[in-house]
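Have a look at the structure below, then the notes.
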Amino acid sequence: MASYRDLLAQAAERASDYYEKVARGPVFPGAADIEAVRVALGSLADGPVPADRVVAELAEAVEPALVGTTGPRYFGFVVGGALEAAAAADVLTIGWDQPAFNAVTSPGAAVVEDIAGSWLKELLGVPAGASFGFVTGGQGANTVALAAARNYVLAQAGWDVEQGGLLGAPAVRVVANAERHATIDRALRLLGLGTGVLEPVATDDQGAIDVAELERTLARGADGPTIVCLQAGNVNSGAFDDFTAATAVAHRHGAWAHIDGAFGLWAAANPGTRHLMAGAENADSWSTDGHKFLNVPYDSGYVFCAHPAVHAASMSMTASYLTGQGQGGLRAPGDYVPESSRRARGFATWAALRQLGRSGVAELVERCCSLARSFGEQLGALEGVTIANKVVLNQVLVDFGDAERTDRVVERVQRSGECWMGATSWHDRRLMRISVSSWRTTEADVDRSVAAVVAAMG
Ligand SMILES: *Cc1c(COP(=O)(O)O)cnc(C)c1O
């Protein structure tokens, strides 16, 4: 029987073998490999099995069925890779197994999350006084931000939603970019506001909110409890709303301004793209991901709020064993997120930021954007191919002439195993959607992927 030490070494060995193998491909598994997983792992045994055999069985069956998201040629869904120090820190996090609720359950996790949170604010241009929560991703971040917004705008109208709930509460308006991410809608459902409250605002040809239309929409209704949802990084085009103008309009109408910047918020960390985030510091809340641009392993997201007391009031809980000394005298991570028991997410984020430093984060963002431009230039130069968006960040939308042809090219590229990009429908066009989000992607990977696309067009 293997010792715990040998077992973890074996797992680390396998993970590093995989890390090397994934760069060679194929990027997407075959149907037979996926089916084989259930055959190999599907029956529950009557008795125990030695731990080393368990790990070997799992790895052998699952590895061929994995998607190469940590490799250099995965361009689907704005999925980031796993930065080395962050991945290794997550291995430690599992070994340490800290319930990162507060400073009593894990003072170490509380302090490191506090440090990482202030580093994030500095890099992302979020005001230093903002509160933050380490959540599972953009969905978690949007949900927490909108919960805080709901608390605030209803309190302004004299209603305590934490105590009184929504039955009998004043109506809340949610005015949002028509091309918002679907997680905003789900957050509204989870928060009991429902998607029916949404008043979508038309966008320009790049998917950025039309500010004059935002103003008209706000003016059309009452200046009661209102939340405005803006976007940094349109999920298709990468476009940014005009935050200077849009936050000013929102605030003039007494509304809460939220910015969903799951990947776009990172533009602030790079001098070459920082201008896209101008005025974003005026918002009331911000959402972003660690697992997209920062390349922290899944799952990792962050929410920030300009009203710390409101943020904590909408998320924290209390119990007799938590009062006074029960919180340990430090910032309690659990006061800013919906979970109580939770993984210590701060360690991996701290490690990613420590490995990269300010300049490394900037370079990571800049490199992804420059490789996206390279995709745009190379593919756009092909006969019968047009780039459908302005490549302002890391997103590229490719039109192969008609919907059928685009779907055929995307499907062939995916089947080639050379690289992986998805398809999308945007502004009445069927498009290939490329997102460059991994620190491992190089110019050679872009060239090889362009060659795969050319082959698929033939
Ligand atoms: C990815 C994304 C989300 C959702 O983030 P998850 O981490 O998948 O929960 C929300 N908004 C935007 C703009 C996104 O790109």
All-but-one check, S341 against (1) assigned by TED's automatic domain parsing to the domain that holds G290; (2) outside any loop (DSSP other than H, G, I, E, B), failing number (2)
**Message:** Any residue at all in the range 116-131 that's charged (D, E, K, R), touching a residue at least 12 places away in the same chain (Cβ under 8 Å) and in a loop (DSSP other than H, G, I, E, B)?
**Reply:** no
The condition of being more than 14 Å from the chain's Cα centre (by Cα) and within 16 Å of the ligand (Cβ to nearest atom) holds, among A128, A149, A141, A157, only for A149
Within the range 180-200, residues within 16 Å of the ligand (Cβ to nearest atom), touching a strand residue (DSSP E or B) at 6+ places or on another chain (Cβ under 9 Å) and outside any helix (DSSP H, G or I) come out as R180, H181, L198, P200
Filtering strands (runs of 3 or more DSSP E) wholly in the range 246-312 for at least 2 residues that are away from the ligand (no atom under 13 Å from the Cβ) and touching a helix residue (DSSP H, G or I) at 6+ places or on another chain (Cβ under 7 Å) gives 256-260, 301-305
Of those in the range 419-438 that are more than 19 Å from E377 (Cα to Cα) and polar (S, T, N, Q), the residue surrounded by the most Cβ atoms within 10 Å (Cβ to Cβ) is S438
The condition from (1) surrounded by fewer than 18 Cβ atoms within 10 Å (Cβ to Cβ); (2) more than 24 Å from the chain's Cα centre (by Cα) that I115 misses is numbered (2)
When every residue in the range 149-179 that is among the polar types (S, T, N, Q) and either outside any helix (DSSP H, G or I) or without any contact (Cβ under 8 Å) to a residue 40 or more places away in the chain (or both) is compared, the one nearest to Q139 (Cα to Cα) is N177
Among residues of the range 436-458 being of a type in the set (G, A, S) and out of contact with any helix residue (DSSP H, G or I) (no Cβ under 8 Å at 6 or more places or on another chain), the residue farthest from F75 (Cα to Cα) is G458
- Query: Is at least one residue of the range 352-372 under 26 Å from A232 (Cβ atoms) and assigned to a loop (DSSP other than H, G, I, E, B)?
  - Reply: no
Checked A61, A36, A32 against criteria (free of Cβ contacts under 8 Å to residues at least 40 places away in the same chain, surrounded by fewer than 15 Cβ atoms within 10 Å (Cβ to Cβ) and more than 16 Å from the ligand (Cβ to nearest atom)); the one match is A32
Inside the range 35-56, the number of residues satisfying the requirement of being acidic (D, E) and within 32 Å of the chain's Cα centre (by Cα) is 1
Over the range 355-383, the set of residues over 30 Å from S118 (Cβ atoms) and without any contact (Cβ under 8 Å) to a residue 40 or more places away in the chain is R373, G376, E377, G380, A381, E383
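If you check V450, V436, which single one turns out to be under 27 Å from the mean Cα position of the chain (by Cα) and under 23 Å from P297 (Cβ atoms)?
V436
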Pairing a residue in the range 180-198 that is closer than 12 Å to T143 by Cα with any residue that is small (G, A, S) and away from the ligand (no atom under 11 Å from the Cβ), where Cβ atoms lie under 6 Å and the two sit 6 or more apart in sequence or on different chains, gives L191/A147
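The values are calculated or read from the model by the stated rules, or taken from the named source; none is laboratory data. Every value quoted in this text rests on a predicted model; they were computed, and no experiment measured them. Cβ coordinates were reconstructed from backbone atoms using ideal geometry, including for glycine residues, and neighbour counts include every protein chain displayed.
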